[in-house]
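Quick one: this structure, given as structure tokens, is what I'll be asking you about.
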Amino acid sequence: HGTKDVACAQCGKSFRISTNLQLKCKERGWDLPTRCEECKHDALLIKGAIGALRDQFPFALEATIEKRGILFTDKVAIVRSRKTGEVLAEVTMDKEGIIFTNRVAKAVDIKTDKELNRTREGREGIIFSKRTADTYSSKTGEKTHRTKMEKKGVLFPKHFAATTRTDGTGGKTVTRVAEKGIIFKKKFMRTDKET
């Protein structure tokens, strides 16, 4: 086997898959990773930003990830109305801070070009802490939403991002990854309120 260098399916950057991870995947019948650590890390932040947008738009949303740029590619989530297909917002990744930089997902209204929210890394719990994505209003600076990964099902569990308002009002917004197409499948995210 040996260490394997592969291109990230999302951003195209090369990343390494250790021999141990390859053996573990083979033993357990898993597919090898297709995304680099940065893209996996960014995914929860992007889903958190999109989940928070669902409270601003009174209908189901759909988002696809696109690459922009030639030399340095950036991930951009294009957020649309699921019913009409109209583009409503874009979520881009950015860095905050000077000495200690953190990645953040920034949601911008496509019509007004105004920033709607910023989603940052968060933590929940003390002993067994769990990674979350915390969304803050760009207008007030206050935390509005928390997103964390959840799963449903026992035999074939499905993982999804669950976004809840931090003020306790409203229900849960769920963002799931789905696929469209038969031959050339394209992944996208579906976001809607869960009753």
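The values are calculated or read from the model by the stated rules, or taken from the named source; none is laboratory data. Everything numeric here is computed off the predicted structure, so don't read it as measured data. As a convention, Cβ positions derive from the backbone with ideal geometry for all residues, glycine included, and neighbour counts pool all protein chains shown. With ligands, DNA and RNA removed, areas are computed over all heavy atoms of the protein, side chains included. Shrake-Rupley method; radii C 1.70, N 1.55, O 1.52, S 1.80 Å.
Residue-by-condition table, conditions (1) acidic (D, E); (2) out of contact with any Phe, Trp or Tyr (no Cβ under 8 Å at 6 or more places or on another chain); (3) exposed (fewer than 12 other Cβ atoms within 10 Å of the Cβ):
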{"site": "N20", "(1), (2), (3)": "no, yes, yes"}
{"site": "K26", "(1), (2), (3)": "no, yes, yes"}
{"site": "I50", "(1), (2), (3)": "no, yes, no"}
{"site": "L53", "(1), (2), (3)": "no, yes, no"}
{"site": "Q56", "(1), (2), (3)": "no, yes, no"}
{"site": "R68", "(1), (2), (3)": "no, yes, yes"}
{"site": "V76", "(1), (2), (3)": "no, yes, no"}
{"site": "K83", "(1), (2), (3)": "no, no, yes"}
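Being of a type in the set (D, E, K, R), more than 15 Å from the chain's Cα centre (by Cα), under 19 Å from V79 (Cβ atoms) and loosely packed, with under 13 Cβ neighbours inside 10 Å is the requirement here; does E179 meet it?
Working: of a type in the set (D, E, K, R): yes; more than 15 Å from the chain's Cα centre (by Cα): yes; under 19 Å from V79 (Cβ atoms): yes; loosely packed, with under 13 Cβ neighbours inside 10 Å: yes.
Considered against the rule, which asks whether it is of a type in the set (D, E, K, R), more than 15 Å from the chain's Cα centre (by Cα), under 19 Å from V79 (Cβ atoms) and loosely packed, with under 13 Cβ neighbours inside 10 Å, E179 comes out as yes.
Kindly list the number of the only condition in (1) under 20 Å from R176 (Cβ atoms); (2) open to solvent by 60 Å² or more (accessible area, probe 1.4 Å); (3) among the basic types (K, R) that fails for R123.
(1)
Using beta carbons and a limit of 6 Å, which pairs, at least six apart or on different chains, have the first residue in the stretch 128-141 and under 11 Å from G48 (Cβ atoms) and the second one open to solvent by less than 30 Å² (accessible area, probe 1.4 Å) and of a type in the set (A, V, I, L, M)?
A133/L44; A133/L45; T135/A52
Next question, about the same structure. Give the residues of the stretch 1-26 that are more than 22 Å from A43 (Cβ to Cβ) and of a type in the set (A, V, I, L, M), sorted by residue number.
L23
Just checking, how many residues over the stretch 1-18 are exposed (fewer than 12 other Cβ atoms within 10 Å of the Cβ), part of a loop (DSSP other than H, G, I, E, B) and free of Cβ contacts under 8 Å to residues at least 24 places away in the same chain?
Result for the stretch 1-18: 3.
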